[in-house]
Amino acid sequence: MDANTFLIQVLNGIQYGLLLFLVASGLTLILGIMGIINLAHGSFYMVGAYLAFSLSQHFGSLWLAMAGGVVIAVAIGLLLEWLLISRLYHRDHLYQVLLTYGLILIFEELRSVVFGDDVHGVAVPALLQASIPLTDTLSYPVYRLWMSAVCLALAAGMYLLIQKTRLGMMIRAGAVNREMVQSLGINIDLLYRLVFALGVALAAFAGMIAAPVASVFPGMGNQVLIVCFVVVVIGGIGSVKGAMLAAILIGLVDTFGKVLTLEIGGMRVLPELSGMMIYVLMAVVLLARPEGLFGRRG
Amino acid sequence: MADAVLRTERLTKHFGGLAAVNDVSLEFYTDQIHAVIGPNGAGKTTLTSLLSGDLVSTSGSIYLDGEDIAGLSADRISQRGVGRSYQKTNIFLPFTAFENCRLAAQSRLPSSMRFTRPALRYADVSREALRALAEVGLEHRAQEPAAALSHGEQRQLEIAMTLATRPRILLLDEPLAGMGGEESARMVELLQKLKCAHAMMLVEHDMDAVFALADRLTVMVNGSVLESGTPDQIRASAAVQEAYLGSEEQHS
Amino acid sequence: MRSPRAATVVLLVCLLALALLPLVAEKYYIQLFTKMMIMAIFAMSLDLLVGYSGLVSLGHAAFFGLAGYSLAFAAPQYEAANLWLSLPLAMAGSGLLALVIGVLVLRTSGIYFIMVTLAFAQMVFFLFHDTKIAGGADGIYVYAKPVAAIAGWEPFTLENHTQFYFVVLVLLVLVYAFLRMLLASLFGRVIVGIRVNEQRMRSLGYRTFRYKLACFTIAGALAGMAGYFAAAQFGFVSPDILGWHQSGGVLMMVILGGMGTLNGAILGAFAMMLLELGFQGLPAMGGVDIGKHWQLLMGGFIVFAVLLLPHGLLGLGRLASRLLRKPAEEAADG
């Protein structure tokens, strides 16, 4: 593999990893702050992608579609939390799993009813259609670079929000002691609703920006959800830093796994078994450090 | 005097930058109640957890019959004869008092990987459970669900479970916590009775009980041992008065 | 609280009803109930984990599906596998997979356990989906049902749907009895103790990891039994048998039926399958083919059930008996 191809794969891996981080951060946010495991998180990613597809056809512009899509996603998040999620706070994780699994079924079928089961493509916006030339024959799409930049910007924005603003402080306090925050006069219900809506919006937005690159297809939500789980497990319990590192690691492993060729004992392991690579990675981490790379022990 | 059953040497536990237990060296002998007292946050429960294996020490040694057990898991330490009761009642609430003790007694079987014979047919285990319940005076409540027991009875059950594992040393973390007058008196009587067969570490806030029971007293403040000696020595010590006993008497 | 004698009576009545079913029902229903009994075995194996040891596995289909593939390997093309050889082998394979995965996933707990079980099941899914080991995404057929021959003598034939039904019924009863025995044993008491308070179990001297691992393995092997017969009945195995819809489906059965009761697992399996059939059979409404999109109704049902039934369907039974008893008590007092 020559240097330029290597560079392209590295950039792809990082881009995929950053996208994963965006989705996973929504999941971790809801999990860490509200203590809710949300299996339907992947469905929001899918919703975002399908919104991008349909709205961009309607408006003729992906930018407008994204704007509209985020608004719709936030609305969905607020509604869901108000109607359903808020009843799960004191329930066992088991029931959260079950209810959000029910939501997956609902979202999947609604998608099937409204959009059908076909695979769709979304066009890259004209503004970002250029490619940066690397050699005479190879070039790297500007859109992918833009995706990575947006993910990084959002990650930085979230960091600032959670760590440096008053709202962020309330959110962090609410995660530690819900009752106390409530007794301080802060509307914890509204706070949780906002956090959930934020998580949903992050996942949906990730789906939207990924749509031109990864296309829009029925199983995409479930697929990304499971990879997000792997990110959280590898990155470590309660660690956003770990999630970032794990996401990029997984992005690179997955990307290189698909393009490399590896034979072990006469059997072709790569690229055939590339789908398994990230799980092998997870197994290794579980063996060596069960609490994750940056997880807190116990 | 015979060798100490349990001995710690410069035992230390750090949480981040804070030393919850700092350079503690203590000894526990059979037929002796060694009470550890001190204000809240002195590190008494942390010390108990270090001895029982619920927490891993940062440095220092713990010798059980001369063997260093620091770093061993709680289950291994329990199998070596260390029994611990908890400050916050840590029983199996959905089970009956009998089942709580039976499960504790069952742990002494060489293996519980038995899939066919009903657990209740292991007569020795059931007998041991009833013996432990009788020792704390709960045999008449054996078939009650633990959740239905009074607070005092639950504390008694807590001890009964530990006894059912036939330990050589008892680590008792505030057994009298939340007990009224009559219940406390009964518990003190029980602890007195247990002394001859076990080495006992008693963490307590109830000063009347401590001075009635303890053969040896250690006062801890901020993770370190302030002073260690006989009850009379401790009562007479000016340093202890200032740090702890004086404020205790004011509050009681 | 419902008396144990009443529960036993209900159970025996149900068993009798199941035993008599083939005499009155036609082929379609016999095969339907066979499928439900197979899922009941699958659900009971998961209840051992979820209801009794408190281990919520979202990847149980891995063991179910692997056994199905084991059968397919043992019965290539038009050859029939020998039941007495291939069934134990399939169960052992699933048990072994459970042992290996268990060693890894049991290092976690709570939410992370749920996640890693799902992830590893997905890994097994990819193994069968992306490779040529077993027909990839297209799956493979099991053309011939397993043969129950011992030295030439065939006590029964699985090609006959009624005999297939009774074989599965017998196995359902055997698995139920086995699990009851297991739960009453020393091992069973430890497992339940671990669910109630694992930390206390450790401080009492139990090496809890071993017991959880053994439990996980046994549950995996039993799921394998169910998967074997599922494949034998359906005659076709595809990666979806390992997929997380399969895992999620059986978890729903256990939770909705009522966890930690075994009876609830059976009830949940039967109820969910009947519900699925019911939803699938609905006519088109407003231009939308509801039957095709039955999962929408199923999802809605699950959401409502979680919100309204904290103890699952069995909880409904308890609620009903409590409501029925109240007027009777008032009559007695008055």
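What follows draws every value from the coordinates through simple rules; no lab data is involved. Remember, it's a predicted structure, so these values are computed and weren't measured experimentally. Please note: Cβ atoms are built from the backbone with ideal geometry, for glycine as well, and neighbour counts cover all protein chains shown.
Taking the beta-carbon count within 10 Å as an exposure proxy, list B:GLU182, C:GLU276 from fewest neighbours to most.
Lowest count first: B:GLU182, C:GLU276.
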Counting DSSP beta bridges in the protein assembly as shown, what percent are antiparallel, to the nearest 5?
65 percent
Ranked by Cβ crowding within 10 angstrom, fewest neighbours first, how are C:TYR69, C:TYR165, C:TYR112 ordered?
C:TYR112, C:TYR165, C:TYR69
Where does the Debye-calculated log10 I(q)/I(0) of region B:1-135 sit at q = 0.09, 0.13, 0.17, 0.18 Å⁻¹, using only Cα point scatterers of equal weight, no solvent?
-0.35, -0.69, -1.03, -1.10
0 to 90° range, to nearest 10: angle between helix B:181-194 axis and chain B longest Cα axis:
80 degrees
Testing the spin-label approximation: label points 7 Å from Cα along Cα→Cβ at B:ARG10 and B:ALA134. State their distance in nm.
4.8 nm
Which aspartates and glutamates, if any, have their Cα less than 16 Å from the Cα of C:LYS132, not counting same-chain residues under 8 positions apart?
A:GLU263, A:GLU272, C:ASP240
Could you identify which residue out of C:PRO155, C:PRO310, C:PRO76 has the top mean-square fluctuation in a GNM of chain C using Cα springs shorter than 10 Å?
C:PRO155
Using the Kyte-Doolittle scale, find the helices of chain C whose mean hydropathy is at least 1.0 and whose Cα atoms extend 20 Å or more along the helix's long axis, counting only whole DSSP H runs.
C:4-24, C:83-105, C:110-130, C:161-184, C:263-280, C:294-308
Can you list the lysines whose alpha carbon is less than 20 Å from that of B:LYS13, not counting same-chain residues fewer than 8 positions off?
B:LYS44
Taking R0 as 51 Å, what FRET efficiency do you get between C:LYS27 and B:ARG108 from their Cβ-Cβ distance, rounded to the nearest 0.05?
0.35
With chain B treated as a Gaussian network of Cα nodes joined by springs under 10 Å, which of B:ARG114, B:ARG235, B:ARG84 yields the largest mean-square fluctuation?
B:ARG114
Long pairs among B:LYS88/B:LYS195; A:LYS258/C:LYS35; C:LYS212/C:LYS292, criterion Cα-Cα beyond 31 Å:
A:LYS258/C:LYS35; C:LYS212/C:LYS292
Fewest-first ordering of C:CYS14, C:CYS215, A:CYS228 by Cβ atoms within 10 Å yields C:CYS14, C:CYS215, A:CYS228
Taking only the Cα positions of chain C, the convex hull volume per residue in Å³ is 182 Å³
Positive end of the charge dipole of the protein assembly as shown (Lys, Arg +1 and Asp, Glu -1 on Cβ, about the Cα centre): tell me which of B:GLN233, A:LEU110, A:SER183 has its Cα farthest that way.
A:LEU110
Give me the lysines in straight-line cross-link reach of A:LYS241: C-alpha distance below 20 Å, same-chain residues under 8 apart excluded.
A:LYS164
So how tilted is helix B:123-136 from the main axis of chain B? Cα-based, degrees 0 to 90, rounded to 10.
40 degrees
On the Cα set of the protein assembly as shown, report Rg and Dmax in Å, please.
30.8, 97
